[in-house]
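Coordinate-derived values only; no laboratory data. The model shown is predicted, which means the values in this text are computed figures rather than measured ones. FYI the Cβ positions are ideal-geometry reconstructions off the backbone, even for glycines, and counts take in every protein chain you see.
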Amino acid sequence: MGDRAGNMPSLPAVFPDGMAPTVMARSNDGERELLMMRWGFPSSSPKGPSLVTNVRNTECRYWRSYLKPEFRCLVPVTNFCEYHRAN
């Protein structure tokens with residue numbers, strides 16, 4: 001496995017548009033590689049949030065091409081939270 005993230009300390013949190021350690025398979029040989037990547041994805045809706053951090057509707061045509069194996073990755077975490085706007 002390749003490591004382009006370096007000997008990094010643990011992160012207290014990762015926020016949208018921030019950097020996070022990510023495990024991806026290299027396309028040429030299938031070896032896994034650890035690297036830092038920007039957390040988030042451009043929104044499918046111009047009226048929605050600027051970045052999306054998860055895909056909830058895999059049937060949506062916008063996401064179909066990004067659900068292919070070559071776009072998949074693993075983000076190692078110890079916990080997570082889901083933002084909820086207070087009423």
Discussion item. Can you find, among 28, 57, 15, the residue sitting farthest towards the positive end of the charge dipole of the chain, where Lys and Arg contribute +1 and Asp and Glu -1 at Cβ?
Written reply: 57
Worksheet item: Counting only Cα, what are the radius of gyration and maximum Cα-Cα distance Dmax of the chain, in Å?
Response: 14.8, 49
Discussion item. For a quick check: sort 23, 77, 55 by the number of other beta carbons within 10 angstrom, fewest at the front.
Written reply: 77, 55, 23
Worksheet item: What's the exposure ranking of 17, 29, going from fewest to most Cβ atoms within 10 Å?
Response: 29, 17
Item to complete: For a footprinting-style exposure proxy, rank 43, 65 by other Cβ within 10 Å, fewest first.
Response: 65, 43
Worksheet entry | Built amide H within the under 5 Å cut-off of residue 19, gap 5+ | 39
Worksheet item: Which whole-number percent is the relative contact order of the stretch 2-71 (Cα, under 8 Å, 6+ apart)?
Response: 26
